[in-house]
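Presented below is the structure to which this report refers.
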Amino acid sequence: MSDKETVELLIADDPDAVREFFFVRCRPALTYIGQYFCSGKQSAEEMIGEFYEFLSADRWHKLRIFRFSCSLNSYITVIASRYFQRKRNRDSIFIDDNIGPLVLDGIISTEMEDRSLMQVVGLVIGRMPVLDRMLLNRILLDGEKPRDIIPEVLPYISDSGAGTKTREQVAGYVYTRYNRAKVRLQKALVELGYCG
């Protein structure tokens, strides 16, 4: 059966085609990708079933836009890799080697749909290190300039030799740290489905 015929049968929700495609033809690849990104937290059937639900959502939109410029297996492998990578990130942590983990467990729940964007922003910021929280609140939310909050930042960075740095160097550090925190906030919101 050609890729085009397979796609047509899947879009038509043919049960035999769904079973053959997901649980026979793509089973090894989907199992490997799912276990690679999610490290065996689910059985192969659960992962494949979850991916099937994702792919069939919105009347098989992702298959409807497939242009057959590569094999169907290659296309599905790319989509599955992205899906399970996002799932892993959503269910675990974001890590910045210079700052540490941002734990999102506890934010992801059935209550998410009932939260406004600003409540979610507050929850994500609340899980960041103290300095990052302060910088995001003062610069991003309150609109202050990095150089204006240097006196309040100095106690947080005194271990890094801030006393020997010029005011401009400390302002540069504050600005860099703020930008990293902002990027982490943006990534968290994207993973939580609030912006993209």
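The values are calculated or read from the model by the stated rules, or taken from the named source; none is laboratory data. Worth saying up front: this structure is predicted, and the values here are computed from it rather than measured. Don't worry about glycine lacking a Cβ; one is built from the backbone with ideal geometry, like all the others, and counts go over all protein chains shown. Accessible surface areas use protein heavy atoms only, side chains included; no ligands, DNA or RNA. Shrake-Rupley method; radii C 1.70, N 1.55, O 1.52, S 1.80 Å.
Which shape class applies to the stretch 25-89: rounded if a/c is under 1.5, otherwise prolate when a/b exceeds b/c and oblate if not, where a ≥ b ≥ c are the square roots of the Cα gyration tensor eigenvalues? The shape class here is prolate. Note on Lys87: accessible area is roughly 30 Å² with a 1.4 Å probe, heavy atoms of protein only. Protein-only accessible surface at a 1.4 angstrom probe places the residues Ser71, Ser39 in the order Ser39, Ser71, largest first. The modelled label-to-label distance between Cys70 and Glu53, using points 7 Å beyond Cα along the C-beta direction, is 2.7 nm. Distance between the pseudo-spin-label points of Thr31 and Leu140 (7 Å out from Cα toward the beta carbon): 4.2 nm. Each of Ser2 and Arg180 was given a label point 7 Å from its Cα along the Cα-to-Cβ line. The distance between the two points is 5.4 nm.
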